[in-house]
1. Would segment 97-110 turn up any residue that is surrounded by 21 or more Cβ atoms within 10 Å (Cβ to Cβ) and over 21 Å from LYS67 (Cβ atoms)?
2. Take the conditions within 17 Å of the chain's Cα centre (by Cα), surrounded by fewer than 18 Cβ atoms within 10 Å (Cβ to Cβ) and either outside any strand (DSSP E or B) or in contact (Cβ under 8 Å) with a residue 60 or more places away in the chain (or both) and apply them to LEU116. Does it pass?
3. Quick check: is even one residue across segment 96-111 without any contact (Cβ under 8 Å) to a residue 24 or more places away in the chain and over 13 Å from GLY31 (Cα atoms)?
4. Starting from segment 57-74, keep only residues that are at negative phi, then list their pairs with residues that are part of a helix (DSSP H, G or I) and exposed (fewer than 15 other Cβ atoms within 10 Å of the Cβ) whose Cβ atoms are within a distance under 8 Å, requiring at least 6 positions of separation or different chains.
5. For THR24, state whether it is touching a residue at least 24 places away in the same chain (Cβ under 8 Å), polar (S, T, N, Q) and either exposed (fewer than 14 other Cβ atoms within 10 Å of the Cβ) or farther than 13 Å from THR117 by Cβ (or both).
6. Quick one: THR109 ticks every box in (1) in a loop (DSSP other than H, G, I, E, B); (2) more than 19 Å from the chain's Cα centre (by Cα); (3) among the hydroxyl-bearing types (Ser, Thr, Tyr) except a single one, so which number is it?
7. Do we find a residue being open to solvent by less than 20 Å² (accessible area, probe 1.4 Å), at pLDDT 95 or above and in contact with a Cys (Cβ under 8 Å, 6 or more places away or on another chain) anywhere in segment 62-79?
8. For THR35, are the conditions met, namely being of a type in the set (S, T, N, Q), open to solvent by 40 Å² or more (accessible area, probe 1.4 Å) and free of Cβ contacts under 8 Å to residues at least 12 places away in the same chain?
Amino acid sequence: MKKLTHFDEQGAARMVDISAKAETVREAVAGARVTMEPATLRLILGRTVAKGDVFGVARIAGIMAAKRTADLIPLCHPLGLASVEISFQPDRKASCVDITAIARTTGKTGVEMEALTAAAVAGLTIYDMCKSADRSMTIGAVRLLKKTGGKSGTYMREDVGPRVGRGR
């Protein structure tokens with residue numbers, strides 16, 4: 001079993017020392033899903049939600065959240081992000097919106113938490129903008145899909161195709 005890096009020898013929480021690590025290009029792709037009533041999805045796709053452009057606002061919220069990840073997650077290192085992209089894939093049959101967030105940097109530590117935060121907050125924003133129409137929405141499936149760079153190399157979820165991320 002791998003050692004948990006955010007604990008010292010006495011079991012106390014600590015920020016990992018990354019000072020000796022090499023800077024590499026890093027990318028992380030995260031996903032989330034918001035499931036809703038079919039009528040709610042129709043409102044979003046018809047751009048008739050009272051609060052405005054749901055995907056536009058959720059995209060900005062996700063990007064802003066990625067930039068503030070170190071303020072939200074206690075032991076996360078502040079990163080200079082090179083890029084954050086957020087896309088939405090509505091699925092009428094499943095009555096949901098799949099969210100994909102891609103974060104990139106060149107640095108000493110990964111951007112997984114930034115991508116995960118972006119996807120989660122984009123989902124929360126969809127909920128906030130549509131809650132007057134549908135309080136039964138569910139935000140779920142927040143997960144890392146892929147990460148590249150760093151000492152540990154590439155990770156890809158087994159249930160995700162190879163075209164996730166930059167090479168899409």
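1. yes
2. Working: within 17 Å of the chain's Cα centre (by Cα): yes; surrounded by fewer than 18 Cβ atoms within 10 Å (Cβ to Cβ): no; either outside any strand (DSSP E or B) or in contact (Cβ under 8 Å) with a residue 60 or more places away in the chain (or both): yes.
Criteria not met by LEU116.
3. Within segment 96-111 (the criterion being without any contact (Cβ under 8 Å) to a residue 24 or more places away in the chain and over 13 Å from GLY31 (Cα atoms)), the answer is no, since none of the residues qualifies.
4. Going by the 8 Å Cβ cut-off, the qualifying pairs are ALA65/LEU72.
5. Details: touching a residue at least 24 places away in the same chain (Cβ under 8 Å): yes; polar (S, T, N, Q): yes; either exposed (fewer than 14 other Cβ atoms within 10 Å of the Cβ) or farther than 13 Å from THR117 by Cβ (or both): yes.
Considered against the rule, which asks whether it is touching a residue at least 24 places away in the same chain (Cβ under 8 Å), polar (S, T, N, Q) and either exposed (fewer than 14 other Cβ atoms within 10 Å of the Cβ) or farther than 13 Å from THR117 by Cβ (or both), THR24 comes out as yes.
6. (2) is the only condition that THR109 fails.
7. yes
8. Details: of a type in the set (S, T, N, Q): yes; open to solvent by 40 Å² or more (accessible area, probe 1.4 Å): yes; free of Cβ contacts under 8 Å to residues at least 12 places away in the same chain: no.
The answer is no for THR35.
The values are calculated or read from the model by the stated rules, or taken from the named source; none is laboratory data. Fair warning: this is a prediction, and the values are worked out from it, not measured in the lab. Counting neighbours? That spans all protein chains shown, and the Cβs are built from the backbone with ideal geometry, glycine included. To get the accessible areas, we keep the full protein, side chains included, count just its heavy atoms, and leave off ligands, DNA and RNA. Shrake-Rupley method; radii C 1.70, N 1.55, O 1.52, S 1.80 Å.
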